[in-house]
Amino acid sequence: MKKSYGLSVTALLSVSLMLSACGGNNNGNASPSDSAAESSAPASSAPASESAAPSDNGGSGEKVNLSFWTLFDGGDGANMQALVDEFNKTHPDIQVKNTKLVWGEYYTKLITAVGNGTGPDIGISHTSRLPDLIDQGVVTSYDDVAQDASIDWSTFNQNLLNATVVDGEHYAVPIDTHPFIMYYNKKLLQDAGLLGEDGKPVLEQSADGFVKFLETLKSKLPAKDTAFALSPSNDDPYRLWWALYSQLGGNDVVADDLKTAAVDADKGAKAADYIQKLYTAGYIKKNDPDFYKNFQSGTAAIMMTGVWATGTWESTKGLEFGAMPIPKIFDQPATWGDSHTIILPTTKSNDAAKRKAAAIFANWVADNGQIWAKAGHIPSKPSVLEKEEFKALPYRSDYASVADTVKFSKPSTKVWQIRDNSSFKFLNEVWANKMSPADAMAKMQEATQKILNE
């Protein structure tokens with residue numbers, strides 16, 4: 001799927017148009033999305049690394065200076081800068097300069113700069129965006145430098161790592177996953193008699209068990225309180241649908257050949273029907289103008305969204321909450337998720353010393369995920385989960401296991417168009433009770449194939 005270095009105007013325009021489909025696009029919803037993963041957590045000072053590596057200049061014998069483009073703001077931005085500062089301190093022969101770009105402009109600027117031969121030595125990419133960046137020749141494989149940089153691929157969570165491998169090559173170093181999880185208000189669950197002595201929800205992990213749990217909340221809590229805070233459209237209900245579809249064993253909506261739509265209509269309809277009934281039964285507040293604020297203000301018993309909300313809830317005075325994987329409603333644990341990864345963009349020279357130094361930096365960041373986890377992310381290396389600094393962070397260990405059950409999309413270059421122009425479009429009609437789940441699946445199959453044919 002790789003193309004030669006250099007981008008055509010048509011390709012640039014195509015990718016630029018995709019930016020409206022990035023995680024931050026809510027089409028008017030109040031819900032933060034993937035963009036919240038870059039900015040929701042409060043800034044905090046990060047302690048020195050527990051595993052500072054010895055200085056290594058990449059073998060050149062001279063100081064190596066690296067340009068690093070990132071898309072992080074808020075808490076994420078502060079934590080990434082803390083990582084860069086600590087790396088520079090412990091690696092005097094490799095110095096990394098962190099340039100923070102605006103999230104909404106990042107991918108366009110990266111693609112354009114690489115096409116012009118003025119791109120950075122290191123960059124950030126979501127796993128979901130890798131296929132298109134690879135296809136456009138924006139990123140290069142790590143495989144020529146991984147061994148010299150002492151990258152041991154076996155030290156990564158293999159579920160997260162495998163999502164970054166395309167055509168047998170490693171195109172990124174994953175540094176986290178930010179999956180879809182469940183948050184709960186301890187006080188409201190306690191009031192409804194649904195909080196165990198361990199501080200966790202009393203909840204049967206099944207389709208009927210979750211409905212019973214919500215019914216109890218609805219019947220026992222004051223009318224002003226919401227049992228389940230969830231957006232009425234787009235990102236988060238789609239993530240819930242993807243999670244339940246995957247729990248049922250549904251295949252990707254794109255076949256292995258990446259050319260054929262492959263919506264599993266029966267499983268997709270079953271997952272959509274289950275969620276539709278949560279809306280129609282009144283467990284989810286209809287047309288919730290700000291479901292994040294609903295939970296944050298203490299008037300929603302549970303909500304589901306990405307782990308980037310953890311930092312926001314932690315900074316909310318008086319909010320007693322917990323976090324956990326979404327329930328196993330169907331056959332197997334599964335959820336939606338994405339990852340931040342560190343990439344090696346194509347450069348004019350592809351300098352070997354710089355590439356090795358960049359790979360050393362990327363691996364070091366993954367090794368020090370306890371700092372990156374402050375915003376709520378799950379580190380990409382299981383060894384980080386055993387560090388005392390990570391264990392000292394509240395909540396994260398309660399959902400860290402989700403890294404093994406994130407269901408990533410196939411490496412299609414059309415994944416974002418399919419999400420916005422097929423999945424969102426028809427599932428929104430289901431949530432509004434304007435279309436049957438079966439009809440939505442049929443239309444999704446047709447629309448997905450049309451997008452793949454374009």
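The values are calculated or read from the model by the stated rules, or taken from the named source; none is laboratory data. Values in this document were obtained by computation on a predicted structure and should not be read as measured data. Here Cβ is always computed from backbone atoms with ideal geometry, including for glycine, and neighbour counts include all displayed protein chains. Heavy atoms of the whole protein, side chains included, go into the accessibility calculation; ligands, DNA and RNA do not. Shrake-Rupley method; radii C 1.70, N 1.55, O 1.52, S 1.80 Å.
Would you call M303 in contact with an Asp or Glu (Cβ under 7 Å, 6 or more places away or on another chain) and farther than 30 Å from I134 by Cβ?
Taking the combined requirement at face value, the residue does not satisfy it.
How about the range 409-427: which of its residues are under 18 Å from D266 (Cα atoms) and open to solvent by 10 Å² or more (accessible area, probe 1.4 Å)?
Selection gives F426 alone.
Name the one entry in D236, D331, D273 that is of a type outside the set (S, T, Y) and assigned to a loop (DSSP other than H, G, I, E, B).
D331
What's the number of the only condition in (1) assigned to a loop (DSSP other than H, G, I, E, B); (2) touching a helix residue (DSSP H, G or I) at 6+ places or on another chain (Cβ under 6 Å) that N251 fails to meet?
The single condition N251 does not satisfy is (2).
Give all pairs with beta carbons closer than 6 Å in which a residue from the range 342-353 that is over 14 Å from I111 (Cβ atoms) meets a residue that is part of a strand (DSSP E or B) and of a type outside the set (G, A, S); count only pairs at least 6 apart in sequence or on separate chains.
Every condition considered, the pairs that remain are I342/V173; L344/T140; A353/V64.
Of everything in the range 94-135, what is open to solvent by 20 Å² or more (accessible area, probe 1.4 Å), among the polar types (S, T, N, Q) and under 17 Å from the mean Cα position of the chain (by Cα)? Give them in sequence order.
S128
Residues to consider are V430, V406; find the one that is of a type outside the set (D, E, K, R), in contact (Cβ under 8 Å) with a residue 60 or more places away in the chain, buried (at least 19 other Cβ atoms within 10 Å of the Cβ) and within 22 Å of S128 (Cβ to Cβ).
V406
Just checking, which of K200, K212, K218 is modelled with pLDDT of 95 or more, open to solvent by 20 Å² or more (accessible area, probe 1.4 Å), among the basic types (K, R) and under 25 Å from the mean Cα position of the chain (by Cα)?
That would be K200, the only listed residue that is modelled with pLDDT of 95 or more, open to solvent by 20 Å² or more (accessible area, probe 1.4 Å), among the basic types (K, R) and under 25 Å from the mean Cα position of the chain (by Cα).
I'd like to check something: does the range 217-232 contain any residue that is in contact with a strand residue (DSSP E or B) (Cβ under 8 Å, 6 or more places away or on another chain) and more than 18 Å from M303 (Cβ to Cβ)?
No, because not a single residue in the range 217-232 is in contact with a strand residue (DSSP E or B) (Cβ under 8 Å, 6 or more places away or on another chain) and more than 18 Å from M303 (Cβ to Cβ).
Tell me, yes or no, whether the range 313-333 has at least one residue that is surrounded by 22 or more Cβ atoms within 10 Å (Cβ to Cβ), polar (S, T, N, Q) and more than 24 Å from L244 (Cα to Cα).
no
So, restricting to helices (runs of 4 or more DSSP H) that lie completely within the range 102-189, which ones have at least 1 residues that are among the hydroxyl-bearing types (S, T, Y)?
103-116
Can you tell me which residue within the range 150-161, out of those that are touching a residue at least 12 places away in the same chain (Cβ under 8 Å) and not hydrophobic (A, V, I, L, M, F, W, C), is surrounded by the fewest Cβ atoms within 10 Å (Cβ to Cβ)?
S150
Take N287 and tell me if it is more than 20 Å from the chain's Cα centre (by Cα), touching a residue at least 24 places away in the same chain (Cβ under 8 Å) and open to solvent by less than 20 Å² (accessible area, probe 1.4 Å).
No, not satisfied.
Tally up the residues in the range 262-278 that are of a type outside the set (D, E, K, R) and open to solvent by 10 Å² or more (accessible area, probe 1.4 Å), please.
Here the count works out to 6.
Restricted to the range 336-386, and to residues that are in a helix (DSSP H, G or I) and of a type in the set (V, I, T), which residue is modelled with the lowest pLDDT?
I371
With the structure loaded, tell me whether P289 is of a type outside the set (S, T, N, Q), under 15 Å from M182 (Cβ atoms) and outside any strand (DSSP E or B) or whether it fails that test.
No; evaluated as a whole, the condition is false for this residue.
In the range 79-93, what residues are in a helix (DSSP H, G or I) and open to solvent by 10 Å² or more (accessible area, probe 1.4 Å)?
Q81, A82, D85, E86, N88, K89, T90
Return the residues of the range 292-312 that are open to solvent by 10 Å² or more (accessible area, probe 1.4 Å), part of a loop (DSSP other than H, G, I, E, B) and not small (G, A, S); say none if nothing qualifies.
T299
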